[in-house]
Amino acid sequence: MPSTTTLTITSKNYGAWSLRGWLMAKLAGLPFKEIVIHPDDPSMKAEILLLAPSMRVPHLVHAGLHVWDTLAIGEYLHEVKPQAGLLPADRKARAHCRAVCGEMHSGFAAMRGALPMNIKGHFAGYKVWSRAQADIDRVVEIWEECLRTYGGPYLFGDHPGMADAMYAPVVTRMATYDVPLSPTCQAYCRTIMALPALQEWVEAAKLEPEEIDELEAEF
């Protein structure tokens, strides 16, 4: 009897890392069963608040293997589902993709802290402090360079891949916090938000009853 493929995630409203791994699995076409850990779980709440020493979710179990950490999940999915094109076929583009994914994975701490993912929220005219704005400016630079180099509408060409999954939570943040963007980046955000898988995630996020007070912006 074949083993069940599972993906452990947490809140769809607040769980940026969960969204990345979940979206990668969807884009790869890998069927899986969701296991959702409630965000009231102390360790999950610590992750969402960026206070955990390491990331426990998302956590993929496939063919008897356990794979965690979003970058590791993306690389693994590329190996088992190469036809999905999570990474570009061209070696130079693939290296570029890995670089921008790695930058998202390890950087942008100021933006993460100042603009936490909150899909149900909308804070028009939100004041972004300077360090977070510097992170946003760098994200915009990455997006515009990739779209210019590879022709769009996705970061590395005509179909969504690992880089788009890595930056999808940032796309939701831009909408939540009413961040001004160039027409090019606005169009990219619309493209990502229109992905059927992301629409599925957003609809599920809207149904979550719980709130985490620390992640609700105050004015």
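Residues are listed down the side, and each one gets a yes or a no for (1) outside any helix (DSSP H, G or I); (2) in the same structural domain as W129 (by TED's automatic domain parsing); (3) among the polar types (S, T, N, Q); (4) out of contact with any Phe, Trp or Tyr (no Cβ under 7 Å at 6 or more places or on another chain):
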position	(1), (2), (3), (4)
I142	no, yes, no, yes
E145	no, yes, no, yes
R148	no, yes, no, yes
A165	no, yes, no, yes
D178	yes, yes, no, no
C185	no, yes, no, no
Y188	no, yes, no, no
I192	no, yes, no, yes
A197	no, yes, no, yes
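Would you mention how many residues in the range 90-140 are outside any helix (DSSP H, G or I) and not basic (K, R)?
Step one: filter the range 90-140 for residues outside any helix (DSSP H, G or I), giving 90, 107-108, 115-129.
Then drop every residue that is not not basic (K, R), which leaves 90, 107-108, 115-119, 121-126, 128-129.
Residues in the range 90-140 being outside any helix (DSSP H, G or I) and not basic (K, R): 16 in total.
May I ask you to verify whether L60 is assigned to a loop (DSSP other than H, G, I, E, B), in contact with a helix residue (DSSP H, G or I) (Cβ under 6 Å, 6 or more places away or on another chain) and at pLDDT 95 or above?
no
Restricting to the range 2-41, what's the tally of residues that are at pLDDT 95 or above and either hydrophobic (A, V, I, L, M, F, W, C) or part of a loop (DSSP other than H, G, I, E, B) (or both)?
13
Do any residues in the range 181-201 that are on the phi < 0 side of the Ramachandran plot have Cβ atoms under 7 Å from those of residues that are surrounded by 14 or more Cβ atoms within 10 Å (Cβ to Cβ) and among the basic types (K, R), where the two are at least six apart or on different chains, and which pairs are they?
A197/K26; W201/K12
Restricting attention to the range 110-119, which residues are surrounded by fewer than 17 Cβ atoms within 10 Å (Cβ to Cβ) and either free of Cβ contacts under 8 Å to residues at least 24 places away in the same chain or of a type in the set (V, I, T) (or both)?
Here is the first cut: in the range 110-119, the ones surrounded by fewer than 17 Cβ atoms within 10 Å (Cβ to Cβ) are 113.
None - no residue of the range 110-119 is surrounded by fewer than 17 Cβ atoms within 10 Å (Cβ to Cβ) and either free of Cβ contacts under 8 Å to residues at least 24 places away in the same chain or of a type in the set (V, I, T) (or both), so the list stays empty.
Only residues that are over 17 Å from A25 (Cβ atoms) and touching a helix residue (DSSP H, G or I) at 6+ places or on another chain (Cβ under 6 Å): list them for the range 155-169, please. I'd like the intermediate steps shown before the answer.
Quick first cut of the range 155-169, residues over 17 Å from A25 (Cβ atoms) only: 155-158.
Matches in the range 155-169: L155, F156, G157.
State which residue is surrounded by the most Cβ atoms within 10 Å (Cβ to Cβ) when the search covers only the range 120-171 and only residues that are in contact (Cβ under 8 Å) with a residue 60 or more places away in the chain and farther than 25 Å from Q83 by Cβ.
Across the range 120-171, the extreme among qualifying residues is V170.
The values are calculated or read from the model by the stated rules, or taken from the named source; none is laboratory data. Being a predicted model, the structure only gives us computed values, none of them experimental. Backbone-built Cβ (ideal geometry, glycine too); neighbour counts: all protein chains shown.
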